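Taking it in order: structure first as structure tokens, then the write-up.
The values are calculated or read from the model by the stated rules, or taken from the named source; none is laboratory data. Owing to the predicted nature of the structure, the values given are computational and were not obtained by experimental measurement. In this analysis, Cβ positions are derived from the backbone assuming ideal geometry, glycine residues included, and neighbour counts consider all displayed protein chains. Just the protein is used for accessible areas: all its heavy atoms, side chains included, with ligands, DNA and RNA removed. Shrake-Rupley method; radii C 1.70, N 1.55, O 1.52, S 1.80 Å.
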Amino acid sequence: MDVNEMLVFARVVQAGSFTTAAARLGMPKSTVSRKVSELEARLKSRLLQRTTRKLSLTDAGRTYYDYCARIVAEVEEAERALSRLQETPRGVLRATAPVNAEFLGPIVSDFLERYPEIRLELLCTARAVDLVEESFDVAIRAGVLADSTLIARSLGSPPWHLVATPGYLKKHGRPRSPEDLKKHDCLFFWRRAQPCRPAPRKR
């Protein structure tokens, strides 16, 4: 089934001539005529009676046009609905983010105020959600992403801070350079928090 053929046929019937239909469709008259002929050949049925002065529908053409007109109207309504959706976002947006994404609070509030017709479903979890399998629209993730066919956009780079308790520094001393960290107990975050000792401290 070629929807374009159906659209052209419906426009020819509505316009009453190939010339007028071609002008409304922005197509050459020869293309419009060829589309209708190909449609008739595919259906193995004559849809239009052609004379030098006018076009008229055959019985088969009248029946087929009734269905075509409804289908074309539905397609046009679908396009209008999509256009309205693009102009004013609406519907359900499923998103996932890390459990420590507290920075999202004011962003989500502003987003929902700006787009009141969107219903946001936000899942905060420590696991990597499969967006396709679990039907999520967007995810906020940190770190290096695995190879994927998904579209990714960088939102920024968070600052890194080296911190220690006063008690630890009093007991082990204050590092003066990155090289000094090899002599210290370190805790770093990689997907999930885990203790790490880069090198045993000399005793």
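Among Ala128, Ala21, Ala146, which one moves the most in a GNM of the chain with springs linking Cα atoms closer than 10 Å? So, out of Ala128, Ala21, Ala146, the one fluctuating most is Ala146.
For the stretch 36-132, averaging the sequence separation of C-alpha pairs within contact (under 8 Å, six or more residues apart) and dividing by the residue count gives a relative contact order of 22 percent.
Think of each Lys and Arg Cβ as +1 and each Asp and Glu Cβ as -1; about the Cα centre, that makes the dipole of the stretch 1-132 roughly 1020 debye.
Setting aside same-chain residues fewer than 8 positions from Lys170, which aspartates and glutamates have a Cα under 17 Å from its Cα? Hits, sequence-local ones excluded: Asp180, Asp185. Using the Cβ-Cβ distance between Ser56 and Thr19 with R0 set to 22 Å, the FRET efficiency from 1/(1 + (r/R0)^6) comes to roughly 0.85.
Candidates Thr149, Met1, Pro166 compared by Cα position along the dipole of the chain: farthest toward the positive end lies Pro166, with charges placed on Cβ.
Which GluC sites (Glu not before Pro) in the stretch 63-142 pass both tests, a DSSP loop state and at most 15 other beta-carbon atoms within 10 Å? Write out the running numbers ahead of the final one.
Values: sites: Glu74, Glu76, Glu77, Glu79, Glu87, Glu102, Glu113, Glu117, Glu121, Glu133, Glu134; in loops: Glu102, Glu117, Glu133, Glu134.
When the GluC sites (Glu not before Pro) of the stretch 63-142 are filtered for loop state and at most 15 Cβ neighbours within 10 Å, Glu102, Glu117, Glu133, Glu134 remain.
Less than 17 Å apart at the alpha-carbon level, and either on another chain or at least 8 residues along: which lysines does that give for Lys182? Partners within reach: Lys171, Lys202. Within the accessible surface of the chain, defined with a 1.4 Å probe on protein heavy atoms only, the carbon and sulfur portion equals 55 percent. Extents of the stretch 131-171, largest first, come to 50, 21, 16 Å (Cα atoms, principal axes, whole angstrom).
Summary of the geometry: the stretch 1-66 and the stretch 124-185, compared by the centres of their Cα atoms, lie 63 Å apart. For the stretch 84-195, the Cα-based Rg and Dmax, in that order, read 19.7, 65 Å.
Over the residues of the stretch 56-118, compute the C-alpha Rg and express it relative to 2.2 N^0.38 Å. Spell out each step's value before the answer.
Details: Rg = 21.9 Å, N = 63, 2.2 N^0.38 = 10.6 Å.
Cα-based Rg divided by the globular estimate yields 2.06.
Comparing Ser56, Ser177, Ser154 in a Gaussian network model of the chain, where Cα atoms under 10 Å apart are tied by springs, the biggest mean-square fluctuation is seen for Ser177. Name the most mobile residue of Val13, Val144, Val129, meaning the one with the largest mean-square fluctuation, in a Gaussian network model of the chain with Cα contacts below 10 Å. Per the Cα network of the chain with a 10 Å cutoff, Val144 tops the list. In the context of the full set of protein chains, the chain has a per residue accessible area of 79 Å² (1.4 Å probe).
What Kirkwood radius, in Å to one decimal, follows from the Cα pairs of the stretch 1-108? Spell out each step's value before the answer.
On the way: mean 1/r = 0.0595 Å⁻¹.
Value: 16.8 Å, from the Cα pair sum.
Okay, helix-only estimate at 222 nm for the chain: each DSSP H run of n ≥ 4 adds -39500 (n - 2.57), divide by all residues, round to 500 deg cm²/dmol; what do you get? Don't skip to the answer; put the middle values down first.
Working: 6 runs with 83 residues, N = 203.
Helices in the chain give a 222 nm mean residue ellipticity of -13000 deg cm²/dmol.
For the chain, which semi-axes, largest first and in whole Å, follow from the square roots of 5 times the eigenvalues of its Cα gyration tensor?
On the way: eigenvalues 949, 65, 40 Å².
Equivalent ellipsoid of the chain: 69, 18, 14 Å, largest first.
Between helix 29-43 and the chain there is an angle of about 90 degrees, using the helix long axis and the longest principal axis of the Cα atoms.
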